[in-house]
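Heads up, the thing below is written out as structure tokens.
The values are calculated or read from the model by the stated rules, or taken from the named source; none is laboratory data. Quick caveat, the model's predicted, so the values are computed rather than measured. All Cβ positions, even for glycine, are placed from backbone atoms using ideal geometry, and neighbour counts span all protein chains on display. Protein only, heavy atoms only, side chains kept; ligands, DNA and RNA dropped before computing areas. Shrake-Rupley method; radii C 1.70, N 1.55, O 1.52, S 1.80 Å.
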Amino acid sequence: MKFEQLCLVSLTLFIHVASTTTPPFSCDSSDPTTKNYPFCQSTLPVTQRARDLVSRLTLDEKISQLVNSAPAIPRLGIPAYEWWSEALHGVSNVGPGIKFDGTIKAATSFPQVILAAASFDAYLWYRIGQAIGREARAIYNAGEAKGLTFWAPNINIFRDPRWGRGQETPGEDPLVAGKYAASYIRGIQGDTFEGGKLGQHLQASACCKHFTAYDLDNWKGMNRFVFDARVTVQDLADTYQPPFEKCVREGGGSCMMCAYNRVNGVPSCADPNLLSKTVRGEWDFKGYIASDCDAVAIIYDAQGYAKSPQDAVADVLRAGIIIFFILYTIALKTPPA
């Protein structure tokens, strides 16, 4: 996929979620020149508008949009946008997207996911997601959020009870985790419980994480940044992949986040078999793929998989179609090879 196409995927979603009259919004109405741009014409298809916008960006501007804190492009009336917000069990002030430092001081906090999943009630999961999505949109509409994209749900398989983040997940069963993912995502994004679309635009964007075979933080000298998950083809298909496939096929998830770890020797964020062949090819995923925080950096810094920071950026662009290198700015001024 060409670099321009990568920008098209991300900006299509930006226009899709940010078509609103409250900040941050594109096509500044106070600037009379913006109405002349096709990408500002709300009557045109979203893909056509995104394509027009991409065609107007310089190479440096395209590169600048590949991080979670995407800067403004004033000459086109495009505001800054923050892709990083959290909502595992409620809209959170973790991450730079929402801070609750304005008139809105808090949002509803639901039970941790492992507890909600124990209800085995898919409609309850949908309703929780629906409430979170509505609150997220309300905070944004009030001008107190910098974006509408949320890094949730966490649908990693919780095989080892020593993993501290297991409470964020629906548990050890792939079927339950997949059903949870689909139900929660439909609620967040504003769809019906059955999966039908309730409107033209996303209510908010949900992101399934962390893809894939990821369930270790720090154990016997091994940490989450460098561990290599050795997984058989059958175990990958039977255990680790089903929740993510349901995220895409049944939930209609608009984002996939790749994990820090390697899978059978290859970093998840730089593996074309996982990201391009499986997620985009076999599952027909149309959304954007984000790296975990600094996951691109560690491909060079911690894992030594890439020979340079520039190579790490090029690897993920070629292999994974990673749109946002969260927190990673090294080498972004140098165009990927």
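From the list Gly97, Gly90, Gly129, pick out the single residue that is under 23 Å from Asp292 (Cβ atoms) and not in a loop (DSSP other than H, G, I, E, B). When all the criteria are applied, what remains is Gly129. Can you tell me which residues in the stretch 100-126 are under 15 Å from Ala177 (Cβ atoms) and in a loop (DSSP other than H, G, I, E, B)? Matches in the stretch 100-126: Gln112, Ala118, Ser119, Phe120, Asp121. Would you please name the residue that is surrounded by the most Cβ atoms within 10 Å (Cβ to Cβ), looking only at residues in the stretch 278-297 that are farther than 13 Å from Cys247 by Cβ and among the hydroxyl-bearing types (Ser, Thr, Tyr)? Going through the qualifying residues, I end up with Ser291. For the stretch 158-184, a tally of residues being surrounded by 24 or more Cβ atoms within 10 Å (Cβ to Cβ), over 17 Å from the mean Cα position of the chain (by Cα) and among the hydrophobic types (A, V, I, L, M, F, W, C) returns 1. Considering only residues that are touching a helix residue (DSSP H, G or I) at 6+ places or on another chain (Cβ under 9 Å), assigned to a loop (DSSP other than H, G, I, E, B) and modelled with pLDDT under 85, which ones fall in the stretch 32-75? Within the stretch 32-75, just Ser42 meets the criteria.
For the stretch 190-243, taking the residues that are assigned to a strand (DSSP E or B) and in contact with a Leu (Cβ under 9 Å, 6 or more places away or on another chain), the one that is surrounded by the most Cβ atoms within 10 Å (Cβ to Cβ) is identified as Phe211. Quick check on the stretch 296-337: of everything there that is assigned to a helix (DSSP H, G or I) and of a type in the set (Gly, Ala, Ser), which residue is modelled with the lowest pLDDT? Only one residue tops the list, namely Ala319.
Listed conditions (1) open to solvent by 20 Å² or more (accessible area, probe 1.4 Å); (2) within 18 Å of Ala138 (Cα to Cα) are all met by Gly187, apart from (1). Can you say whether Val176 is among the β-branched types (Val, Ile, Thr) and either farther than 18 Å from Asp315 by Cβ or touching a His at 6+ places or on another chain (Cβ under 6 Å) (or both), as far as the supplied structure shows? It is true that Val176 is among the β-branched types (Val, Ile, Thr) and either farther than 18 Å from Asp315 by Cβ or touching a His at 6+ places or on another chain (Cβ under 6 Å) (or both). Which of (1) open to solvent by less than 10 Å² (accessible area, probe 1.4 Å); (2) part of a helix (DSSP H, G or I) does Ala152 not meet, given it meets every other one? Result: Ala152 passes all but (2). Among the residues here, Pro111 does not qualify as in contact (Cβ under 8 Å) with a residue 12 or more places away in the chain and within 16 Å of Gly190 (Cβ to Cβ).
Taking every residue in the stretch 32-45 that is free of Cβ contacts under 8 Å to residues at least 24 places away in the same chain and within 12 Å of Arg56 (Cβ to Cβ) and pairing it with any residue that is surrounded by 10 or more Cβ atoms within 10 Å (Cβ to Cβ) and not basic (Lys, Arg), at least 6 positions away or on another chain, the pairs with Cβ-Cβ distances below 8 Å are Pro38/Leu44; Pro38/Gln48; Pro38/Asp52. Is the stretch 134-145 home to any residue that is in a loop (DSSP other than H, G, I, E, B), within 21 Å of the chain's Cα centre (by Cα) and surrounded by 14 or more Cβ atoms within 10 Å (Cβ to Cβ)? Looking for residues that are in a loop (DSSP other than H, G, I, E, B), within 21 Å of the chain's Cα centre (by Cα) and surrounded by 14 or more Cβ atoms within 10 Å (Cβ to Cβ), one finds at least one in the stretch 134-145, hence yes. Contact map, the stretch 59-80: first residue touching a residue at least 40 places away in the same chain (Cβ under 8 Å), second residue among the β-branched types (Val, Ile, Thr) and part of a helix (DSSP H, G or I), Cβ cut-off under 6 Å, separation 6 or more or different chains; pairs are Gly77/Thr34.
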